[in-house]
Amino acid sequence: MTADREVDVAVIGAGQAGLSAAYYLARRGLAPESGFVVLDANEGPGGAWRHRWDSLTLGSAHGIHDLPRFPLGTPDPREPASSVVSRYYGAYEDEFDLRVQRPVRVRKVSRTAGNRLKVATDRGVWLARYVINATGTWDKPYWPAYPGQQDFRGEQLHTRDFRSAADFAGRRVLVVGGGTSALQFLLQLHDAGARTAWSTRRPPEFTNRPFDAEWGRDVERSVSERTRAGLPPLSVVAATGLPLTEQYRKGIDDGILVSRGPLLKLTPEGAVFEDGSTAAVDVILWATGFRASLGHLASLHLREPGGGIRMDGPRVVKLPQLLLVGYGESASTLGATRAGRAAAMAALQGWSTSSQTNSVAVPSSQSRRSTA
Ligand SMILES: Cc1cc2nc3c(=O)[nH]c(=O)nc-3n(C[C@H](O)[C@H](O)[C@H](O)COP(=O)(O)OP(=O)(O)OC[C@H]3O[C@@H](n4cnc5c(N)ncnc54)[C@H](O)[C@@H]3O)c2cc1C
């Protein structure tokens, strides 16, 4: 059994948010392994991107923001984003010597009597002054519940399980969900010879607004208002609308991207919509999004009566030693990169403040990089 290891900061998750945080910790002089540790559940680099389907190419993704001080460059837009991003993150870890520990799954974070956070994993325990949680959403697919769901005789899968549209050729597929994944699935399934139907809870909100920096700031503002109030973050599409690209406009004109409205219930053979119409289907693809993957924080009881976690920037108001990145307004590669920096700075600043008031000398000399 391994003895507990002590670090100044434990970063959980090595996606865009965790790597950005680790970079800034290292840059400010913390040494990997003794000053900070990055724990990641995946077998290799890439965060959630390493699991995405091959037809999600860099050209069809919204865009991957650069990690700090290491441009992504201009990879082939036809290459699957899963391989481009995994290679990019791997090179980043090597370049800045971040020494990500994997596969290590964090099971539980709890408070200790000594004002540390205990990070219990399947590979032993780390004790940390600060925890930067960057665990994303991929591990928590959201499946809504509808009457009759158990009786449906066809296949049901979630975005997380999607591999290739060719798997559905000749089948009748109902896609549920109002985000860009649903739009892309519908077009690809149609091209692959599936017969599709689409269900959304609300009429799809296409927008001509350009997805520029001002738009990005508006989205961040509206989501952060919710997390500051302790409410759960909205889905991206609820805050942004859907971009009306040429491809989507054609899909609407061809009748592929036309919603049948909300689902009422499922039957053994298919779906009944709220307007009373029905569709016989072989497959239901739930493109219904994800929730923050925070099960390992459950025993800290962070949730507010509103159902969310009250945030002040990256800090959790109820537990300022815990910083959440890639959560709420920072759930994009751009937001995650910025939040990683803010979290690293908040952790470093936090103990410089506590060292003045409590005479805690941190970071310890052993935890600093000798070359820093
Ligand atoms: C289909 C899809 C397409 C998207 N396209 C874009 C896009 O084009 N542009 C964009 O900016 N954003 C996009 N996003 C959002 C995107 O995923 C985020 O922007 C960003 O990549 C998330 O980074 P992250 O670091 O927060 O999380 P992740 O990349 O999910 O990384 C989290 C890491 O934490 C690890 N982890 C989780 N739980 C634990 C645990 N308990 N213990 C240890 N490790 C753990 C995971 O293994 C993973 O490696 C997309 C999202 C989806 C679902």
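The values are calculated or read from the model by the stated rules, or taken from the named source; none is laboratory data. A quick note: this is a predicted structure, and the numbers were derived from the prediction, not measured. Backbone-built Cβ (ideal geometry, glycine too); neighbour counts: all protein chains shown.
Overview of results
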| item | result |
| --- | --- |
| Leading residue by the ranking (farthest from Thr112 (Cα to Cα)) among those in segment 264-302 that are within 16 Å of the ligand (Cβ to nearest atom) and part of a strand (DSSP E or B) | Leu285 |
| Segment 122-136 residues that are closer than 16 Å to Ala31 by Cα and of a type in the set (Lys, Arg), paired with ones that are more than 11 Å from the ligand (Cβ to nearest atom) and part of a strand (DSSP E or B) (beta carbon under 9 Å, 6 or more apart) | Arg129/Glu6; Arg129/Val7; Arg129/Asp8; Arg129/Val9; Arg129/Leu117; Arg129/Gln321 |
| Failed item in (1) out of contact with any Gly (no Cβ under 9 Å at 6 or more places or on another chain); (2) over 20 Å from Thr135 (Cβ atoms); (3) modelled with pLDDT of 95 or more, with Gly35 passing the rest | (1) |
| Output for segment 151-177, where each listed residue is aliphatic (A, V, I, L, M) and in a loop (DSSP other than H, G, I, E, B) | Ala169 |
| Residues of segment 171-203 that turn out to be over 19 Å from Ala271 (Cβ atoms), of a type outside the set (Asp, Glu) and surrounded by fewer than 17 Cβ atoms within 10 Å (Cβ to Cβ), as a count | 1 |
| Checking Asp151 against (1) of a type outside the set (Gly, Ala, Ser); (2) touching a residue at least 12 places away in the same chain (Cβ under 8 Å); (3) within 16 Å of the ligand (Cβ to nearest atom), the condition it does not meet | (3) |
| Hits in segment 78-101 - residues which are in a loop (DSSP other than H, G, I, E, B) and either surrounded by fewer than 16 Cβ atoms within 10 Å (Cβ to Cβ) or on the phi > 0 side of the Ramachandran plot (or both) | Arg78, Glu79, Asp97, Arg99 |
| Number of positions in segment 122-150 that are buried (at least 20 other Cβ atoms within 10 Å of the Cβ) and not in a loop (DSSP other than H, G, I, E, B) | 7 |
| Verdict on Gly261 being outside any helix (DSSP H, G or I), at positive phi, free of Cβ contacts under 8 Å to residues at least 24 places away in the same chain and over 19 Å from the mean Cα position of the chain (by Cα) | no |
| Within segment 46-70, considering residues that are more than 7 Å from the ligand (Cβ to nearest atom) and not in a loop (DSSP other than H, G, I, E, B), the one farthest from Gly289 (Cα to Cα) | Phe70 |
| Residue count for segment 10-33, restricted to those that are part of a strand (DSSP E or B) and away from the ligand (no atom under 15 Å from the Cβ) | 2 |
